[in-house]
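As structure tokens, the structure follows; a few thoughts come after it.
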Amino acid sequence: MRKTIVSAIASDKSPAPLLKSQALSKNFKGLQALKNHNLELYPGEILGIIGPNGSGKSTLFNVITGFSPPSSGTVVFDGTVITGWRPDRIVGKGIARTFQGSRLFKALTAAENVEAAAQRHDRPGLLSTLTHLGGYARRQAAIRGRAHALLELLGLARWSNRRAGDLPYGAQRRLEIARAMATGPKLLMLDEPAAGLNTHETKELMGLIRGLRDGFGVAVIVVEHDMDLIGNLCERVQVLAQGELICEGTFDVVQQDARVRGAYLGHD
Amino acid sequence: MNSLEFTIQQIINAVSLGSLYAMVAVGLSMVFGILKMTNFAHGDMMMTGSYATVLLSALGVPFPIAIVAGIAVSALTGILAERIAYRPVRGAPDVTLLLTSLALTYVLENLAILIFSGSPRSFPTPDWMNEVFAFSDGAITFTSVDIISSTSAILSLLGLGWFVSHTTTGLGMRAAAEDMAAAALVGLDINRLIVIAFAIASGFAGLAGMLWAAQSGIIEPDMGFSPLLKAFVAAIVGGFGSIAGAVLGGYLLGALEILIVGFGPTELSPYRDAIVFALLIVFLLFRPGGIMQANREVKL
């Protein structure tokens, strides 16, 4: 899968980009958190986004996922302009995300967290829910089944009936990914998924992310400070500084770039 | 009259009153849980349904059908209130939401005064609802309305509990109550969940309003005000935002009032409302999260 994409890009017979954002900007009360940002992402690709704190990485996530609409610019996803759409519609179109820090439903069980997200496709209608007719049991079973498969895949099956807030930290991070995957995305956006994990857990996480890409064919955008993860996992890296894209390329290329070094050494 | 019979009578009264409080409190708590907003117009959902029922039965519609239609009118009022009044100001500061709900109360009550006049009207309870059951030479008495209130409250509250804990929509509502933004970002349709919450909450208020009217025999435009305040206390006592807590609070409040009236010194009876609201103040000061959660802050 990966090979075909890479070779397709290389041979210039590129498939249509899955995500194409053009001239995205976001202003907060005079502060330009994101300036004229462009991005193209191909199906099944893993893209890393790095940059110092406050460089606009999370803003970019929020703008693409509809969490806070851009001040200007357009986002085209899977052939449709989704700029300004409501978050749940964007999820329905196939973009799922996790949050920097956790936004799990802590009072719900791990299984319920994933089932809530898995409703998107199989939710029975209200009438069907109340009467238990019209395929209610089948839909309910489909939701439960998909949730359980994801919990299993991310090594969370034994925590299924525990409150999400009571899970160990590493498991909570994986649960966020399981919940995002339950929406059936074509693009998975991970905001600092390795934050707070130890080296061993981070390594495991890289395997999981790769597994999701290979198994489900999702494209992945990952924001991370862990350069080990970025270098090992990402086929392409974008570097942001002060809301601007300053460099793009493979990790090796980006590492050698003078502007990137400048941004990280923080002389400005 | 021996004391056992007296006690049984008071328990019947407490369950009957507590059922009404619980049904109103549950709606208040549901809406608060999902929108973090106290819907002071909630009591008026009791009123709109009752007026609809009176109107329909005056037109010759059979009473049970008029009741069901009245509950539907209450639910519809709730849906319209959400759509017209609350949705446009969603996300605004808390004070804006609070004032919107107070304004809506005035609009609805004055609309009722305009259409039906401010004077009370009799609620046309059919005879079978007013039937009195007396035991032990009248030491224990209750009416069909008492039985209907208690059973319909308990059944509908159990039904609500099942709905919230066992259905996909109920799961969505619990998720949205915990983190609305995250719920939207896992693909849940927030508007749909909020509309359903309003419909259920207002439907419960409608049913409670009907039973309230059947017990008092009259309806008036501001009939929802007093039960709303009591339900508010019940919801706070049980833990605002929690459905089970609202039910518990409703029955506790019913029991407390009957305890004061039935067992307290006679001089205390006129002060029962004062005692109830003193309880509210005590809870807000020392246990704002309600009985179950000690330290959770509640914003109103």
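The values are calculated or read from the model by the stated rules, or taken from the named source; none is laboratory data. The structure displayed is predicted, hence computed values, not measured ones. Reconstructed Cβ throughout: ideal geometry from the backbone, glycine too, with neighbour counts over all protein chains shown.
If you filter the range B:1-54 down to residues that are among the β-branched types (Val, Ile, Thr) and closer than 24 Å to residue B:161 by Cβ, you find that the one that is surrounded by the fewest Cβ atoms within 10 Å (Cβ to Cβ) is B:11. None of B:234, B:213 is more than 10 Å from chain A (Cβ to nearest Cβ), more than 30 Å from residue B:284 (Cα to Cα), surrounded by 24 or more Cβ atoms within 10 Å (Cβ to Cβ) and at pLDDT 90 or above except B:213. Scan the range A:139-185 for residues that are of a type in the set (Asp, Glu) and buried (at least 21 other Cβ atoms within 10 Å of the Cβ) and the total you get is 1. Do we find a residue being more than 22 Å from the chain's Cα centre (by Cα) and either in a strand (DSSP E or B) or among the β-branched types (Val, Ile, Thr) (or both) anywhere in the range B:185-204? Looking through the range B:185-204, at least one residue is more than 22 Å from the chain's Cα centre (by Cα) and either in a strand (DSSP E or B) or among the β-branched types (Val, Ile, Thr) (or both). Scanning the range A:47-67 for residues that are under 18 Å from residue A:242 (Cα atoms) and part of a loop (DSSP other than H, G, I, E, B) yields A:51, A:52, A:53, A:54, A:55, A:56. Filtered by the rule that a residue be surrounded by fewer than 20 Cβ atoms within 10 Å (Cβ to Cβ) and more than 7 Å from chain A (Cβ to nearest Cβ), the range B:171-180 gives a lone residue, B:180. Do the conditions hold for residue A:230, that is, is it touching a strand residue (DSSP E or B) at 6+ places or on another chain (Cβ under 8 Å), assigned by TED's automatic domain parsing to the domain that holds residue A:54 and at pLDDT 90 or above? Yes.
Taking strands (runs of 3 or more DSSP E) as the structural unit, those lying wholly within the range A:175-251 and holding at least 2 residues that are away from chain B (no Cβ under 14 Å) and in contact with a Gly (Cβ under 7 Å, 6 or more places away or on another chain) correspond to A:219-223, A:236-241.
Can you name the residue in the range A:57-90 that is surrounded by fewer than 17 Cβ atoms within 10 Å (Cβ to Cβ) and of a type in the set (S, T, N, Q) and, of all such residues, is nearest to the other protein chains (Cβ to nearest Cβ)? Selected residue: A:68. Note on the range A:91-118: residues that are surrounded by fewer than 24 Cβ atoms within 10 Å (Cβ to Cβ), in a helix (DSSP H, G or I) and within 9 Å of another protein chain (Cβ to nearest Cβ) total 2. The set of residues from the range B:114-148 being of a type in the set (A, V, I, L, M) and either exposed (fewer than 13 other Cβ atoms within 10 Å of the Cβ) or not in a strand (DSSP E or B) (or both) comprises B:114, B:115, B:129, B:132, B:134, B:139, B:145, B:147, B:148. Being within 22 Å of residue B:278 (Cα to Cα) and over 14 Å from the mean Cα position of the chain (by Cα) is true of residue B:239.
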